[in-house]
Structure formats: structure tokens, C-alpha cells
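Undergrad: Here's a structure for you.
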Amino acid sequence: MTKAKLKWRQLILSLGCLLLLLACNNSYQTTNSGIQTLKVATDPTFIPFEIQTTSGNLEGFDIDLMKALAQPATGIAVKFESLPFDGMISTLQAKRVDAAISGITITAERLKTIAFSRPYFKAGLAIAVREDNQNIKDFNSLKGKKIAVQIGSTGADFAKTIPNAKISTFNSGPEFFQDLLNGNVDAVVSDAFATLYAIKNGKLKGIRVVADLLTEEYYGIAAPKDSPHLDAINKGIATLLSNGTYKQIYQKWFNAEPPQLPDSWQ
Ligand code: ARG
């Protein structure tokens, strides 16, 4: 082969590779085996559902669940993408990701713009206060108080219903608990399980959770409205629930028997 011919050959080969790379850089890809890689958004500041270790790895209940869903049998593979919680719903709406798992509560309001899988976790909001605070016991005692919440969360929506409350909003969990400890606010309204876990594992000192839950909520895996993947995700959750994998993951993180879950929301 002449030198010129060899050059041409190399050029055509590299162009081919480039095209192949571009073709694969879709939001999801179908490989020969029929496995689709979903881009899954998560906000890893929500212990123990999603957290980023110091070495940069993602860990948590949601991460384990999503990884367990990503099996050849479900035809799904997963690629996580970290995203602030507040931007998650609009990112799903714009279809920049295929799904999101982030302790996201299924609500009627959110269902107007995005879709959810069947419920995968029973949750609820609770009030957190400084350990020495005996005055705040329930919804009524929150009236007129200074309350911290996470932007865009169900806790933030709930706080809006408290008469005369002064609400401070934060981007992530660790920040609003700091504000509570500093005495800048009287209470935090947020997801009970996350707060209880952090207290139990010594990550939050000086804070306690008021016993009664304010709401009953269910987390779902979120997806764009007409997502072609929801069916596989739902079937996957059903399998994990029936084959004991869900129970195993639940026990790993919460050291308790999982409660019964409904197969659809409301
Ligand atoms: N469950 C609450 C909600 O849906 C808060 C979830 C916060 N999750 C997170 N990864 N920061 O609004």
C-alpha cells in the first residue's frame, strides 16, 4: 500500500470512530444485548439515601436500589449524574436525564409535570429541634417560629402552610441543620428518616426529632412524563420487592423490617 493510501485509510477509520462515539453519546443507548443505559440524576447530600464518599463514590439506599434494578433481566444499566435537588424536576421535564432517584416524594403537584414509578419507600416529614427545646411539640407550636427548609422540597411546601412562620431556605440538608445548631432558626422541617439516621449515626449532635410525623409520603423514581423506561423500572421494583432484595437493602440501611408498600400511589 502506498503512503497516501495508508493516510486515507487512517483518516476514514478515525472518522468512523468519531461517528460511532457521537452515535453513542445519546441520553440512552441500546447495545447489542438490548441493555439501555439510563442517565439517572441524584443529589448526594441526603444521608442515608444518597451520599458522596470522600473518594467521590456514591452510596446509599437509593443508590443500592437503583443498582439492583440495573440488571440484565430488567434491560437497564445506570449512569448516575449529580444534580442539585432544586433543579431535578425541571431537568427531568427538559429530558436532560432519563430518571432521578433522590428521595423524591410523589406529589399531585409534581405529577402534573413529571412521572413517577410505583412507591419504593414510605417516608414522612418531621420537625427537628435543638435537643434542649421543649416548646416545639407539634404543628401548632410552629406558628410564628423561624423554620429552615431545603429549597424545592416537600418540607418547604409544608412550611408555607404554617401561619406567620419565618422561613429560611437552603440548598442542602447539612446546611439547614447547621443553622438550627447555631440558633438562627427554631426548627427544621424535613424528611424524618434522613434526620433520624443522621442523629443515630452521630452525624448530627444536639438535635432531636419530634416524635409525631407531620405527613405520610412515598418516594418514587422520577422520570420525564412519557418515559419509555418507567415500565421496566416498575417491573424491576416489583421483582426486588418479591425476591427479598428490597428487604435486604432496607435492613442494611435501616436495621429494621420494611413496611408494606402500596403498588401504586393513592
Ligand atoms: N422528600 C423530599 C422531597 O421530595 C426531600 C428530598 C430531598 N432529597 C435530596 N436528595 N436532597 O421534596
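Undergrad: Residues I199, I249, I237: which one is within 28 Å of A156 (Cα to Cα), crowded, with 17+ Cβ neighbours inside 10 Å and out of contact with any Gly (no Cβ under 7 Å at 6 or more places or on another chain)?
TA: I199
Undergrad: Of all helices (runs of 4 or more DSSP H) completely enclosed by region 89-191, which ones contain at least 3 residues that are within 12 Å of the ligand (Cβ to nearest atom)?
TA: Helices (runs of 4 or more DSSP H) meeting the threshold: 154-159, 173-181.
Undergrad: Would a scan of region 209-226 turn up a residue that is modelled with pLDDT under 95, under 21 Å from P258 (Cα atoms), more than 16 Å from the ligand (Cβ to nearest atom) and not aromatic (F, W, Y)?
TA: There is at least one residue in region 209-226 that is modelled with pLDDT under 95, under 21 Å from P258 (Cα atoms), more than 16 Å from the ligand (Cβ to nearest atom) and not aromatic (F, W, Y).
Undergrad: Can you tell me which residue among D231, D212, D226, D179 is without any contact (Cβ under 8 Å) to a residue 12 or more places away in the chain and on the phi < 0 side of the Ramachandran plot?
TA: That would be D231, the only listed residue that is without any contact (Cβ under 8 Å) to a residue 12 or more places away in the chain and on the phi < 0 side of the Ramachandran plot.
Undergrad: Here's something else I'd like to know. Which condition number in (1) of a type in the set (V, I, T); (2) farther than 19 Å from K143 by Cβ; (3) within 16 Å of the ligand (Cβ to nearest atom) is the one that I199 fails?
TA: Status for I199: all satisfied but (3).
Conditions tested, residue by residue: (1) at pLDDT below 95; (2) of a type outside the set (D, E, K, R).
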site: D62; (1), (2): no, no
site: A70; (1), (2): yes, yes
site: T74; (1), (2): yes, yes
site: S82; (1), (2): no, yes
site: I89; (1), (2): no, yes
site: L92; (1), (2): no, yes
site: T113; (1), (2): no, yes
site: R118; (1), (2): no, no
site: R130; (1), (2): no, no
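Undergrad: For the subset of region 119-162 comprising residues that are hydrophobic (A, V, I, L, M, F, W, C) and in contact with a Phe, Trp or Tyr (Cβ under 6 Å, 6 or more places away or on another chain), which member is surrounded by the most Cβ atoms within 10 Å (Cβ to Cβ)?
TA: So the residue we want is A148.
Undergrad: Now, a different point. Could you say whether any residue in region 35-49 is modelled with pLDDT under 95, more than 16 Å from the ligand (Cβ to nearest atom) and over 20 Å from K225 (Cα atoms)?
TA: yes
Undergrad: Kindly establish whether P84 is in contact with an Asp or Glu (Cβ under 8 Å, 6 or more places away or on another chain), more than 21 Å from D226 (Cβ to Cβ) and not hydroxyl-bearing (S, T, Y).
TA: Criteria met by P84.
Undergrad: Please work out which one of (1) touching a strand residue (DSSP E or B) at 6+ places or on another chain (Cβ under 8 Å); (2) among the β-branched types (V, I, T); (3) at pLDDT 95 or above is the condition T245 fails and give its number.
TA: (1)
Undergrad: If you don't mind, another one. Taking I63, is it away from the ligand (no atom under 13 Å from the Cβ) and aliphatic (A, V, I, L, M)?
TA: The answer is no for I63.
Undergrad: Among the numbered criteria (1) closer than 30 Å to K95 by Cβ; (2) of a type outside the set (G, A, S); (3) touching a helix residue (DSSP H, G or I) at 6+ places or on another chain (Cβ under 8 Å); (4) in a loop (DSSP other than H, G, I, E, B), which one does P228 miss?
TA: (3)
The values are calculated or read from the model by the stated rules, or taken from the named source; none is laboratory data. From a predicted model like this one, the values you see are computed outputs, not experimental measurements. Every residue, glycine among them, receives a Cβ derived from its backbone with ideal geometry; neighbour counts consider all protein chains shown.
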